[in-house]
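Following: one structure in structure tokens, then a few remarks.
The values are calculated or read from the model by the stated rules, or taken from the named source; none is laboratory data. This one's a predicted model, so the numbers in the text were calculated from it and none came from an experiment. Virtual Cβ from ideal backbone geometry, glycine too; neighbours counted across all protein chains shown.
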């Protein structure tokens, strides 16, 4: 496995001024940005990196240098080197201009940028006429080239990448097969940490272990965007059960939490206790219901609603069995489940399309009810498979990408609908497990992929 940790640079002077940066090197890292980089270095200090790559632009390069200086075992970690393949998105006609002015002066293009980013086209003046430039599509191609170069060079190693908002989104997008049309559906906060696990090269199985962690910066959750007029959903996987611990398939057998699962729920509750939760929904099964009830001990006035549509996948005749028993009784089917999950029909159970159909009906009803009642933040507690199908939906992926997402017991993901039902959802953070004591990496269960 090749582990790649991706960090966005610390706050820059242009971030503060709300100016478009692109590839200009005019902005520098702010005092707050330097502090963010230092805290990020401390959070990563126990990880030994075989290579560190950063964009050559000053705001990223300085962030990488500060992070490197904080690595306690940096004698064993590589020195940061720059790569032009990590340069920020190229927006030549907008660089250095205030975002508000771009919105006004380039109204039509700005709307395209926000709603259909893959279609944004710029005609860039050059000495011999004009050049047609598609910024987001060009950035995705640049990201693909970076992966192809780096993954073969660092097979089985751990590497750190320090980039920018745009290139980091493109790196995640190309790794996970997310369309450039969903460019704005991935959030990257200043010094947010994301973790990708590659089994091989680009196009081979890859897992997003976590995305946009900001807890090391003192932020419980990424802040809401200005003009946020929709709903924020905190998607939680239930705490551990005894069958989770044993590696036994549970599906729709109603196994309760074990002591560790209750402790995970308590830690999630502590973590979210300062967050204003307006409503709460859970799968109707015991393990998510109990997880939700423990979290809501800090939010006594919030009533818990139960939805059958959020129940775990029915594994049918696999339920109650260990992997070795399933392999004996259904030879080759476990391997198919691990590699082509969307093609597997559980014997006397469900397939992923069925799970997706019922889960999305439940999810849409949650979003619609919250928006119509002007509720801002909701807790949704469900299961591994239901959460993964929801994450695929949020990022415009099909069920074949089911294994691309990790969901630890007691982990929290944050999904915003900043423009209500009219706009696309935004994955603000995924699989936050810092409250469970593992630091940056998810220690809730064995196995990386």
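Taken together, the residues in the range 127-181 that are closer than 23 Å to residue 110 by Cα and over 22 Å from the mean Cα position of the chain (by Cα) amount to 7.
Quick check on the range 204-222. Is at least one of its residues more than 30 Å from residue 233 (Cα to Cα), surrounded by fewer than 22 Cβ atoms within 10 Å (Cβ to Cβ) and free of Cβ contacts under 8 Å to residues at least 60 places away in the same chain? The answer is yes; a qualifying residue exists.
Within the range 389-433, being part of a helix (DSSP H, G or I) and within 28 Å of residue 338 (Cβ to Cβ) holds for 389, 390, 391, 392, 393, 394, 399, 400, 401, 402, 403, 404.
Residues that are in contact (Cβ under 8 Å) with a residue 12 or more places away in the chain, assigned to a strand (DSSP E or B) and either on the phi < 0 side of the Ramachandran plot or touching a strand residue (DSSP E or B) at 6+ places or on another chain (Cβ under 9 Å) (or both) do occur in the range 65-81. For the range 228-242, which positions are under 11 Å from residue 287 (Cβ atoms) and assigned to a loop (DSSP other than H, G, I, E, B)? Within the range 228-242, 238, 239, 240 qualify. Cβ separations smaller than 8 Å between residues 6+ apart or across chains give the following pairs from the range 165-179 residues that are at positive phi to residues that are assigned to a helix (DSSP H, G or I): 177/401; 177/404. Of the strands (runs of 3 or more DSSP E) lying entirely inside the range 268-383, those containing at least 3 residues that are buried (at least 20 other Cβ atoms within 10 Å of the Cβ) and in contact with a strand residue (DSSP E or B) (Cβ under 8 Å, 6 or more places away or on another chain) span 279-283, 377-382. Could you please find all residues in the range 384-436 being out of contact with any strand residue (DSSP E or B) (no Cβ under 7 Å at 6 or more places or on another chain) and without any contact (Cβ under 8 Å) to a residue 40 or more places away in the chain? If the condition is that a residue be out of contact with any strand residue (DSSP E or B) (no Cβ under 7 Å at 6 or more places or on another chain) and without any contact (Cβ under 8 Å) to a residue 40 or more places away in the chain, then 389, 392, 393, 422 are the ones that fit.
When 6, 20 are checked against the criterion of being touching a residue at least 60 places away in the same chain (Cβ under 8 Å), closer than 19 Å to residue 167 by Cα and in contact with a strand residue (DSSP E or B) (Cβ under 6 Å, 6 or more places away or on another chain), a single residue qualifies: 6. Considered as a group, the residues in the range 23-54 that are free of Cβ contacts under 8 Å to residues at least 60 places away in the same chain and under 16 Å from residue 194 (Cα atoms) include one that is surrounded by the fewest Cβ atoms within 10 Å (Cβ to Cβ), and that residue is 45. Cβ-Cβ contacts under 7 Å between residues 6 or more apart (or on different chains), taken from a first residue in the range 274-285 that is free of Cβ contacts under 8 Å to residues at least 40 places away in the same chain to a second residue that is part of a loop (DSSP other than H, G, I, E, B) and buried (at least 22 other Cβ atoms within 10 Å of the Cβ), are listed as 284/311.
For the range 425-449, a residue qualifies if it is under 23 Å from residue 174 (Cβ atoms) and modelled with pLDDT of 95 or more, and the qualifying residues are 425, 426, 427, 428, 429, 430, 431. Being in contact with a strand residue (DSSP E or B) (Cβ under 9 Å, 6 or more places away or on another chain), closer than 21 Å to residue 63 by Cβ and surrounded by 24 or more Cβ atoms within 10 Å (Cβ to Cβ) holds for only one residue in 239, 192, and it is 192.
Total residues in the range 82-100 satisfying the condition of being closer than 30 Å to residue 65 by Cβ and not in a helix (DSSP H, G or I): the figure is 13.
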